[in-house]
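One structure is given below, encoded as structure tokens.
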Amino acid sequence: MNESEMIKILERFCLKNDPAEGEVKVTRVQDYKTVYIEQIGKIGRSILLNEYKVAGKTYRAGYSSQSDTVFVSQASRD
């Protein structure tokens, strides 16, 4: 997933718009995370969260191709 796609997903997330059918699922994780461990069955995968500025706030987000999910963590209290 490229940066512009991620920003569009985060913009929809900020506006509280649910993803349309067939779009990537968005899951909120604990604030201030930089890495998220995704559990699928007995296997854990680390998802690195990159920093993005959207709607005046800073978020960290990462994409898992395994589950087709974007994990979002708020990175600031702006």
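The values are calculated or read from the model by the stated rules, or taken from the named source; none is laboratory data. On a predicted model such as this, the values are computed, not experimentally measured, just so you know. FYI the Cβ positions are ideal-geometry reconstructions off the backbone, even for glycines, and counts take in every protein chain you see.
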Item to check | segment 51-76: number of residues that are farther than 15 Å from Glu5 by Cβ, hydroxyl-bearing (Ser, Thr, Tyr) and not in a loop (DSSP other than H, G, I, E, B) | outcome: 2
Checklist entry - Out of the residues in segment 51-65 that are within 17 Å of Arg12 (Cβ to Cβ) and surrounded by fewer than 13 Cβ atoms within 10 Å (Cβ to Cβ), which is modelled with the highest pLDDT? => result Gly56
Item to check | Every residue from segment 4-50 that is assigned to a helix (DSSP H, G or I) and either farther than 19 Å from Ser76 by Cβ or not acidic (Asp, Glu) (or both) | outcome: Ser4, Glu5, Met6, Ile7, Lys8, Ile9, Leu10, Arg12, Phe13, Cys14
